[in-house]
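Engineer: My questions all concern the structure below.
The values are calculated or read from the model by the stated rules, or taken from the named source; none is laboratory data. Computed from a predicted structure; not experimentally measured. Counting neighbours? That spans all protein chains shown, and the Cβs are built from the backbone with ideal geometry, glycine included. We work out accessible area using only protein heavy atoms, side chains counted, and drop any ligands, DNA or RNA first. Shrake-Rupley method; radii C 1.70, N 1.55, O 1.52, S 1.80 Å.
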Amino acid sequence: MATTFFTANSLDLKHHHNQIPFNFNSPRRTKKSPFFYCNSSKSPPKPPIPDLSEDPKKQNPSLADQLKTLSTTTLSDSPQKPTQLLTKPKSVWVNPTKPRPSVLNLQRQKRTSYSYNPQIRDLKLFSKKLNDCENSEDAFLKVLEDIPHPPTRENALLVLNSLKPWEKALFFFNWLKTQDSFPMETIFYNVTMKSLRFGRQFQLIEDLANEMINNGVQLDNITYSTIITCAKRSNLFDKAVEWFERMYKTGLMPDEVTYSAVLDVYAKLGKVEEVMSLYERGRASGWTPDAIAFAVLAKMFGEAGDYDGIRYVLQEMKSLGVKPNLVVFNTLLEAMGKAGKPGLARSLFEEMVAAGVSPDAKTLTSLVKIYGKARWARDALDLWQRMKSNGWPMDFILYNTLLSMCADLGLQEEAEKLFDDMKLSENCKPDSWSYTAMLNIYGSGGNVEKALNLFDEMSKRSVAINVMGCTCLIQCLGRAKKIDELVTVFETSIARGVRPDDRLSGCLLSVVSYCESGQDLDKVIACLQISNPRLVSFVNLLESEVGIDTIKNEFKSILNDTEVEARRPFCNCLIDICRKRDLVGRAHELLYMGTIYGLYPGLHTKTPEEWRLNVRSLSVGAAHTAFEEWVGTLSEMVNRYEPLPELLSASTGAGTHKYSQGLGNAFELHVKKLSAPFRASEEKPGVFVASREDIVSWVQSKAV
């Protein structure tokens, strides 16, 4: 679906901000009114960049001028499109007359066997002293002076293996090198590196590896595996790849452990083709991947939302007879959720239970999130009952996920039962996020009394209030016109350490948009002044006589300082405020600027049969403004005898929350006010339709 934008040539924003953008009694709109064009959905063009100060005589602008124009319509931190990932590598020709070269060693490197040491008791006690001493080199060396037996190769390995802190393992290894009692073999470096890996000390491990190379000490499979896995744990994926490639250059084949680790590294780098190439080459060498390797593949395809890839993993496991363990099931469930397959996730969970694998809290949390996203409330609540009856583990995250799902679906009664269960639980008492979810539920349902009682309960139980809970409660009180209580909640929250963010500021701005003038409005503006003083200054600027360039520059500056998800709500509320104060021209200017800044993608869509105005993500005032613009554009097209599609429609959406029907009802009233020929669709809730003949007839009747 294509995004529709204003065109620069059709717009002159120099009109006074209190003028109505077009006259319904006139057959043609004034030239000063902005309007939308609807572009084809098949090949959406890039949005035209309006230049409000462009010299019409300038035929060939310089590159600098073009870039300057681009900068005026580009906001910072714009989201980037994810890279398209391929699930299958490019095919590689293999000579069938020659055997395929192996890419991994199917036999894990054997551990060094230890013979019985009669001094083991003394050395174990001494190792305990080393572990318990102060974690400094001086203190460590002082204890070493009392070593009960001279350091032989076997004694040194036993002590080195017994040291838990990586610092002390490194101290002892360095001390051994100064004793010169025996040559430092590969095994000493490997044991020290493994200890350093627990502390994620990759740089020290790499230094030891380079020391081995310089001293002619051979690096074996365990050495490379330790280096690569430490780099992976330290999120140094490029380093892991570098050492893997160096391993191959030495002619040493990685074992299964190293190979699986490298698969995970490439997967984390998003290199799907490389992962699949390594996987297929390993399989061709006779490798049978274990459950961990399949978990890596499943997670990679899950991150990409690639259902075909997830299905491929399941088929491979089945064909090889590899039974998934709990880790693999959890990874596959998360992948199903990201791929948007709730039904398959449910089937996989049932298969898991049937296989005798008991779910943990992570399993259940993933499944609840999937059900909540799909709005499968009944399945989620049935799962909760099974958790209680089967005694499956419940933790904070799982309880809070269930509460959040109830909040999203408006399930107040079920949420209250969950919340009461948490209060009776010994290990999962409600925390700040639990209370926030309940505040969201009561706020969305307009239950002011219960929301305030819960807020008071948080104070009595010393539960910290967070900015999200404060926002939910203020939104509830604002809708109920409980302004005094709103101010009390805001001031109490600030006093308890809540730092206002853009969502809270947007909530207060929303209350300003529908609050009547007088003392109540002044009280809300005083709160907004504390939360975001720039918004208060900008609202005052909208009422002044300043030109559009000043408005545009300040608005862009505010948006650049605002979180991306709060930018459109800010614009919606500002348009509502303008319409509330009869600044209709300013409202149209703000809608224009919001459109060129990309705040309303998909506002207009077009097919050969139907043009649609999508106002679902707009506020009431913004939806009215967009509809006026659209109808004005259609009127001009009729007057210019330009073709229209057979059907024209406007969609407000059909929500399930108590307040979600407000947009549809307000939009219908505005359509009737304008006498526009749109009527509510009988087949599609929240959609208003008009035929081409209705529009043409209506425009022509206005011209009479």
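Engineer: For residue 614, enumerate residues with amide H under 5 Å from its amide H, sequence gap 5+ or separate chain, H modeled in the peptide plane.
Structural biologist: The answer is 604, 605, 651.
Engineer: Summing +1 for each Lys or Arg and -1 for each Asp or Glu, what net charge is found among the other residues whose Cβ lies under 14 Å from the Cβ of residue 614?
Structural biologist: On the way: positive: 568, 606, 612, 616, 684; negative: 610, 629.
That sum, taken over residues with Cβ under 14 Å, equals +3.
Engineer: Can you pull the one-decimal nm distance between simple spin-label points at residue 141 and residue 668, each 7 Å off the Cα toward Cβ?
Structural biologist: Distance between label points: 8.6 nm.
Engineer: Once you have the Cα-Cα distance between residue 181 and residue 319, take 0.36 nm times their residue separation minus that, and quote the gain in nm to one decimal.
Structural biologist: Length gained between residue 181 and residue 319: 44.3 nm.
Engineer: Provide, for q = 0.14, 0.21, 0.27 Å⁻¹, the log10 of I(q)/I(0) from a solvent-free Debye sum over equal Cα point scatterers in the range 396-467.
Structural biologist: Debye output, listed in q order: -0.36, -0.86, -1.40.
Engineer: Size of the range 152-201 along its principal axes in angstrom, Cα-based, largest extent first?
Structural biologist: 29, 17, 17
Engineer: Using 1/(1 + (r/R0)^6) with R0 = 45 angstrom and r between the beta carbons of residue 269 and residue 120, what's the FRET efficiency to the nearest 0.05?
Structural biologist: On the way: r = 45 Å, r/R0 = 0.99.
Approximately 0.50, to the nearest 0.05.
Engineer: Using bins 5 angstrom wide from zero, how does P(r) for the range 229-273 break down, in % of all Cα pairs?
Structural biologist: Per 5 Å bin, starting at 0, the Cα pair percentages come out as 5, 24, 33, 26, 11, 1.
Engineer: Calculate the FRET efficiency for residue 679 and residue 416 from the Cβ-Cβ distance with a Förster distance of 41 Å, rounded to the nearest 0.05.
Structural biologist: Numbers: r = 41 Å, r/R0 = 1.00.
So the FRET efficiency works out to roughly 0.50.
Engineer: Here's a follow-up. Does the range 512-570 classify as rounded, prolate or oblate by the C-alpha gyration tensor (a ≥ b ≥ c root eigenvalues; a/c under 1.5 gives rounded; else a/b over b/c gives prolate, otherwise oblate)?
Structural biologist: Oblate.
Engineer: Let me ask you something else. Using every alpha carbon pair in the range 467-619, what percent of pairs falls into each 5 Å bin from 0 up to the bin containing the largest distance?
Structural biologist: The distribution over the range 467-619 is 2, 9, 18, 21, 18, 14, 9, 5, 2, 1, 0, 0, given as percents.
Engineer: How far apart, in nm, are two points set 7 Å out from the Cα along the Cα-to-Cβ line at residue 460 and at residue 488?
Structural biologist: It is 1.5 nm.
Engineer: So between residue 235 and residue 388, what do we pick up on full extension, going 0.36 nm a residue minus the alpha carbon distance?
Structural biologist: On the way: separation 153, 0.36 × 153 = 55.08 nm, distance 3.85 nm.
So the extension gain works out to 51.2 nm.
Engineer: Grab the Cα-Cα distance for residue 514 and residue 347, subtract it from 0.36 nm times how many residues apart they are, and report the gain in nm with one decimal.
Structural biologist: 55.4 nm
Engineer: A further question on this structure: Using a Förster distance of 22 Å, how high is the FRET efficiency between residue 134 and residue 198, based on the Cβ-Cβ distance and rounded to 0.05?
Structural biologist: On the way: r = 20 Å, r/R0 = 0.89.
Here the calculated transfer efficiency is 0.65.
Engineer: Could you tell me whether the range 474-537 comes out rounded, prolate or oblate from its Cα gyration tensor? Rule is a ≥ b ≥ c as square roots of the eigenvalues, rounded for a/c under 1.5, then prolate if a/b exceeds b/c, otherwise oblate.
Structural biologist: oblate
Engineer: Computed from the mean reciprocal separation of all distinct C-alpha pairs, what Kirkwood hydrodynamic radius does the range 121-248 have, in Å?
Structural biologist: 15.2 Å
Engineer: Follow-up. Ranking request for peptides 303-309, 252-258: highest mean number of other beta-carbon atoms within 10 Å first, then the rest in descending order.
Structural biologist: 252-258, 303-309
Engineer: Among 448, 265, 620, what's the order by accessible area (1.4 angstrom probe), most exposed first? Walk me through the numbers before you get to the answer.
Structural biologist: Working: 448 25, 265 0, 620 55 Å².
The ranking, largest first, comes out as 620, 448, 265.
Engineer: Compute the projected area of the convex hull of the Cα atoms of the range 219-294, averaged over all viewing directions, and report it in nm² to one decimal place.
Structural biologist: 4.6 nm²
Engineer: What number, in nm² with one decimal, is the all-direction average of the projected area of the convex hull of the alpha-carbon atoms of the range 323-442?
Structural biologist: The Cα convex hull of the range 323-442, projected and averaged over all directions, gives 7.0 nm².
Engineer: Distances over 25 Å make up what percent of all Cα-Cα pairs in the range 568-704?
Structural biologist: Above the 25 Å cut-off, the range 568-704 has 25 percent of its Cα pairs.
Engineer: Net charge near residue 164, counting Lys/Arg +1 and Asp/Glu -1 over other residues with Cβ under 11 Å of its Cβ?
Structural biologist: Counting the neighbours of residue 164, the net charge comes to 0.
Engineer: Between the range 409-487 and the range 553-600, what is the separation of their alpha carbon centroids in Å?
Structural biologist: If we compute the Cα centre of each part, the gap is 31 Å.
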